[in-house]
Structures are given as C-alpha cells and as structure tokens.
Ligand code: HSE
C-alpha cells in the first residue's frame, strides 16, 4: 500500500473529536477506500488536558494551529476551529501557503473569504474542500460539483438550519411561542447561547452562499443575499398556514435568473405534503434541480459530531485518492461576478391583516391589492372575540414590489389594526 496521508487536525471540539474517532475506529475501511492509510499526525487545540473520551497520546501536539499547518510531517490540514477570521483564517492561509491540502467545516470563513482561499489553493495545486460546511452529513457539495456536473442547475433550495426547523416544528407541535421554544432549544443544546446566527438566518445564508457558487459558477456573494430569520414567525401564522395546507419553514433559495443571482433565506410557506413540508425537527433537507437530472432531494442530519466528521472525512478520502479539483467545481478565476437580482421572482403570498370587523373593510383591502395589480386567490376571516378580525389572503402569483406597494397603502388605513404579515409561498 502507498504512503499514508498524514492529517493535521486544528480544533478538538465536538467535530474534531468525531474525526479522531473515525480515523481510529474506521482505519481499515478508510485505507481500503483511499488506497492508502489515513493517519493523524498532529493536533492543535486550546486545551491539551481536557478529557474528550478519545486516546490522543499517540499524536504530536501543537499549541498554535498555524505551527501545525506548517509542519513538514503533515500533508493535509483539517480546520474545525470555526470563526470567520482569527485562528481559522490564519490556519487556512498557512496551510495553503505551505502546500498542504485543506479541509474545513467553516461556512463563515468561506462565505467571506471563499474566493480568495480558492484562488490560493488552486495556485498552489492543493485541494480545498468544504463538504462539512453545508448541511452536515448530507453530501450536497459533492452532489452538485460531481454528480450533477453535466447539468445547468436551475435552483438550489432547502432547510439548512436544524435549530430553526426544530423551533418551528416545536412551536407547531406544542403551540408554545417562539421565545419559549428557543429557550428549550438552548437547554437541549440545539441553539447556541447566542442563537442569533441560527435564528437570524445567517448560518443558513452562509451555507446557501457556498452552494450558489458551486451551482451557478458565480463568486461567493454573501453580502448580496437577502437574509431574514424566524424571529417574527408567530404561532398564529403557523396555525393559519396549517389551516390553508401549508407549513412555515426557514428556506434558503438560490436561482440564477435573467435579472441576476437571487439568493435569500426567509420564512416561507410550503405545501404540507411537499418533501420540505414534511420535514421535522433538526433534520436538514436540500433540493437540487438540474436541467437534465431533474429534482434531487436529500435529507439527513445537518449537524453533530458524527455527521459533520463524516463529511470532513469523505473529503479527506477523496484527496487521498488523488481527487483534486477546483473548490467550487470550476477554476476560481472563471467564477463570474453575477449581478444581484435585487428582488425575488414572482410568487404567491400569504397575507394576514388584523382588520376592523365592519361593513366595507374587505372591499378597501381588495381595492388596494387590485390597484397594485395583485389578484386574490383565496380569502378567509378567522374566528375572533372582539372587533378586530384576522383576515387571511392568499394571492395569485405577483411581484414583491407590487405587493409591497399595496401593503404599504393598507397599513395606513384606519381599519388596519396591526402590522400586516407577508410571507412568500415557495413553489417546492
Ligand atoms: N447551527 C447549525 C444548525 C448547525 O442549527 O443547523 C451548524 O451549521
């Protein structure tokens, strides 16, 4: 058998520990598949003494991950430190500059620096792989870059944040409000102490930014994304959506349209019977649409020790096999600066108004929508104890600017008692 591939592991939290476990427990199958042994040569982490339940005694230790990245006895550096800049970025740069292959789970770093790091890796002839950065154990990057390489990708979408999907499904199941479910999710360890990246849509947007680049041959453009989270999703809307046959999901959607690249994460209604509409708990789901392959739906665990370490080691095995190609599936210099689409494409919308319950009110709402060219598909008035009635409207497909014009007129009417709710209904 050939020379071993020697790994330098930077970071020994949950995922790093999972990588050690895979290398130790699955050594024989890794070697058989890679055609050469895969060994950990050295590790760097903040604490050497902390008991992680794995035997680290046989590995060299570096306190500084940059020093680890520069070691002569390391062929490939795995970064599971996290963070957009700081030690993670320094480790990436040092590894690539030292001619080492580099595998990371770091979506935040790649969403900001993916283009520069891809260019650097290609210039040095080394691999930069990031399967674990998107949807944990689901091999979605590989599917896009390799399995669907013959397709023009028409849309990439999915539920790529398990914390948000857990919160939304728990709100639906228990009827508890957002804040209460978030607190429970934090106690269970799903949501971070500072959950803003998850619930604010940032985590999902970073993942989508990477997928969009791989799907459409565009430069990673995190700054160009529309990013909205689930903080304002209410139990009322979850329940009304269910009555209409929908569920609310935090969807990431990327499309290359004639207007430019449309990339957004936002709470959307999806039909309850669609694959995404059946998704429960922390599970992720990614849908890839190719012009020849059609629709590919993948679901699975989007986070956690085993799934994320599995994705990392899948990349490592590929590199051990000698599979080295541009990180985003085509040379970084050929990735184009796509214009930003600006607004999302046409869709049907769910609207909820709190309206005075008296004669002529609905006519005024319908008139405002009609004057903006927005056509009503379905309308329903909910039960209410007082003089304010919840009115639900599902529109026909329309452009968001026209809808926003109508809603801004409606919210100034004296019969409109609260801020209207507007949620997109995504075709899935
Ligand atoms: N925090 C993420 C989630 C997993 O809840 O899905 C890591 O990206």
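Nothing in this text is a laboratory measurement; each read-out follows from the coordinates by a stated rule. Owing to the predicted nature of the structure, the values given are computational and were not obtained by experimental measurement. Because the Cβ atoms are built from the backbone with ideal geometry, glycine has one as well, and the counts that use them run over all protein chains shown.
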Counted neighbours (other Cβ, 10 Å), sorted fewest up, put 384, 417, 240 in the order 384, 417, 240
A correct fewest-to-most ranking of 416, 268 by other Cβ atoms within 10 Å would be 416, 268
So the pair-distance distribution of the chain, from every Cα-Cα distance in 10 Å bins, comes to percents of 5, 21, 28, 23, 13, 7, 4, 1, 0
Neighbour-count ranking for 282, 159 (other C-beta within 10 angstrom, fewest to most) reads 282, 159
Taking 407-414, 93-100 and ranking on average Cβ neighbours within 10 Å, highest first, one gets 93-100, 407-414
Output for the range 5-133 (equivalent-ellipsoid semi-axes, sqrt of 5λ from the C-alpha gyration tensor, Å, descending) is 22, 17, 13
What the 10 Å binned alpha carbon P(r) of the range 307-383 shows, as percent of pairs per bin from 0, is 12, 23, 15, 13, 15, 17, 6, 0
Residue-normalised 222 nm signal for the chain, counting each DSSP H run of n ≥ 4 as -39,500 (n - 2.57), nearest 500 deg cm²/dmol, is -10000 deg cm²/dmol
Across 18, 224, 158, the residue with the highest GNM fluctuation in the chain (Cα network, 10 Å cutoff) is 224
Expected sort for 254-266, 38-50 on mean C-beta neighbours within 10 Å, highest first, is 254-266, 38-50
In nm, the gap between the two label points placed 7 Å beyond Cα toward Cβ at residue 239 and residue 39 is 6.3
Checked the range 263-320 against the a/c 1.5 cut and the a/b vs b/c comparison, axes a ≥ b ≥ c from its Cα gyration tensor; verdict oblate
With a ≥ b ≥ c from the Cα gyration tensor eigenvalues, square-rooted, and the rule rounded for a/c under 1.5, otherwise prolate when a/b > b/c and oblate otherwise, the range 348-425 is prolate
One finds, for residue 298 and residue 363 with R0 = 41 angstrom and r their Cβ-Cβ distance, a FRET efficiency to the nearest 0.05 of 0.30
Between the Cα axis of helix 361-371 and the main Cα principal axis of the chain, the angle (0 to 90°, nearest 10) is 60
Helix 400-410: inclination vs the chain longest Cα principal axis, degrees, rounded to 10, gives 40
To the nearest 0.05, the calculated FRET efficiency linking residue 2 and residue 346 through their beta-carbon distance, R0 being 41 Å, is 0.15
For the residue 408, residue 273 Cβ pair and Förster radius 45 Å, calculated FRET efficiency rounded to 0.05 is 0.85
In nanometres, the difference between 0.36 nm per residue of separation and the alpha-carbon distance of residue 337 and residue 378 is 10.7 nm
The relative contact order of the chain, taking Cα pairs under 8 Å that sit 6 or more residues apart, comes to a percentage of 16
Everything considered on the Cα gyration tensor (a ≥ b ≥ c; rounded for a/c under 1.5, else prolate if a/b is larger than b/c, else oblate), the range 296-345 must be described as oblate
